[in-house]
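Just so it is clear, none of the values below were taken in a lab; they were calculated from the coordinates. What you see is a predicted model, and the numbers here were worked out from it, not measured in a lab. Every residue, glycine among them, receives a Cβ derived from its backbone with ideal geometry; neighbour counts consider all protein chains shown.
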Amino acid sequence: MTLDAAPQQRQRVDKWLWQARFFKTRSLSAKVVSGGHCRVNAEKVLKPAAPVGPGDVLTFTQGNRVRVVRIEGIGTRRGPAVEAQALYTDLTPPDEPRPVRVGPRPTKKDRREIDQLKGEGDPGESPR
């Protein structure tokens, strides 16, 4: 039996998320994983030590967004953003555009009138 193929590179999921600059600290990335907010190839992962490698697809929450990325490589350090972006391909669908607001912001007087129409607050009440 010959061993022509080199062993596939694997890395802890929390370390990879930190090196790819999705989270500021490694403990933050471990918290997301152990909190059940991360999936590797559509399977929920609860341990930060779960191994990941090139070709795996990660789905995780980052703030109020759900990110989907395919791992392209394993990093050796937490380098600059350009280096980190080479480690993955972003598969996250684009956000829906926010509705465009027409006109200026309402003034305090407008806000009070809106609140009265909604039935919030008394007309003679002062906000203290």
Checklist outcome for this item: Residues of the stretch 25-61 being of a type in the set (K, R) and under 11 Å from R12 (Cβ atoms), in sequence order, are R26, K47
Next on the checklist: Consider the stretch 12-70. How many of its residues are assigned to a strand (DSSP E or B) and without any contact (Cβ under 8 Å) to a residue 24 or more places away in the chain?
Outcome noted: 5
Checklist entry - Across the stretch 22-58, which residue is surrounded by the fewest Cβ atoms within 10 Å (Cβ to Cβ) among those that are more than 14 Å from the chain's Cα centre (by Cα) and at positive phi? => result A42
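Would you be able to tell me the number of residues in the stretch 25-66 that are of a type in the set (D, E, K, R) and touching a Phe, Trp or Tyr at 6+ places or on another chain (Cβ under 8 Å)?
At the first step, the residues of the stretch 25-66 found to be of a type in the set (D, E, K, R) are 26, 31, 39, 43-44, 47, 56, 65.
Cutting the leftovers down to touching a Phe, Trp or Tyr at 6+ places or on another chain (Cβ under 8 Å) gives us 26, 39.
Qualifying residue count for the region: 2.
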